[in-house]
Amino acid sequence: MGFCSGRCTLVFLCTLQLLAVLERQIFDFLGYQWAPILANFLHIIVVILGLFGTIQYRPKYIVAYCVWTGLWVAWNVFIICFYLDVAGLSKESDIMTFNLSLHRSWWREHGPGCVRTEVPPPDARELQDHAYISVTGCMLEFQYLEVLHSSASILLALLGFVFACYVISVFTEEEDSCKY
């Protein structure tokens, strides 16, 4: 593979990662999920740094991108475990909102085919202005949508890591050849 195609591929993968994380950021904001919002924000910054490093021949920035990619993969594995209730994690907990609110994934009530119905609480005198929400008819449960999105993020991150390592090796080869 030529150097230019490696750089161009890394730029393309970083662009795809940015699009994917921006879409994810929007839906995490709609669900008031503060932990993913912070992780997404950091990912946006580091991917832009990786793009800059690739375009401006800055291998240190690409190394930072590679290190972050490992953390990003670990975060997405955590998200998958969280939504599949693996290892004592529960998608019903408030960990994603830092226990600040009772919000959950936006996809829980707005997934494809979902019909959302507000049902008044059994004792309306105690919980004024509150309603229970019933969701039925979803073609795909919300936790599987979240898992699919995290899986796609992992795939893009791993591909980005491989091409970033290649670009770093080419940069360092060029630096070594210029010394002699």
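The values are calculated or read from the model by the stated rules, or taken from the named source; none is laboratory data. Everything quoted here is computed from the prediction, not taken from an experiment. Positions of Cβ are generated from backbone atoms using ideal geometry, with glycine treated the same way; all protein chains shown enter the neighbour counts.
Numbers below:
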read-out: Matching residues in region 17-46 - criterion: being in a helix (DSSP H, G or I), surrounded by 16 or more Cβ atoms within 10 Å (Cβ to Cβ) and over 12 Å from the mean Cα position of the chain (by Cα); value: Trp34, Val46
read-out: Region 73-99 - residue that is of a type in the set (Ser, Thr, Tyr) and in a helix (DSSP H, G or I) and, of those, surrounded by the most Cβ atoms within 10 Å (Cβ to Cβ); value: Tyr83
read-out: Meets criteria (in contact with a Leu (Cβ under 6 Å, 6 or more places away or on another chain), within 30 Å of Ser93 (Cα to Cα) and touching a residue at least 40 places away in the same chain (Cβ under 8 Å)) for Gln33; value: no
read-out: Yes/no for Gly70 being of a type in the set (Gly, Ala, Ser), within 20 Å of Ala157 (Cβ to Cβ) and either free of Cβ contacts under 8 Å to residues at least 24 places away in the same chain or not in a loop (DSSP other than H, G, I, E, B) (or both); value: yes
read-out: Scan of region 90-144 for residues that are of a type in the set (Gly, Ala, Ser) and at pLDDT 80 or above, ordered by number; value: Ser90, Ser93, Ser105, Gly111, Gly113, Gly137
read-out: So Glu23, is it under 23 Å from Leu145 (Cβ atoms), touching a strand residue (DSSP E or B) at 6+ places or on another chain (Cβ under 6 Å) and not hydrophobic (A, V, I, L, M, F, W, C); value: no
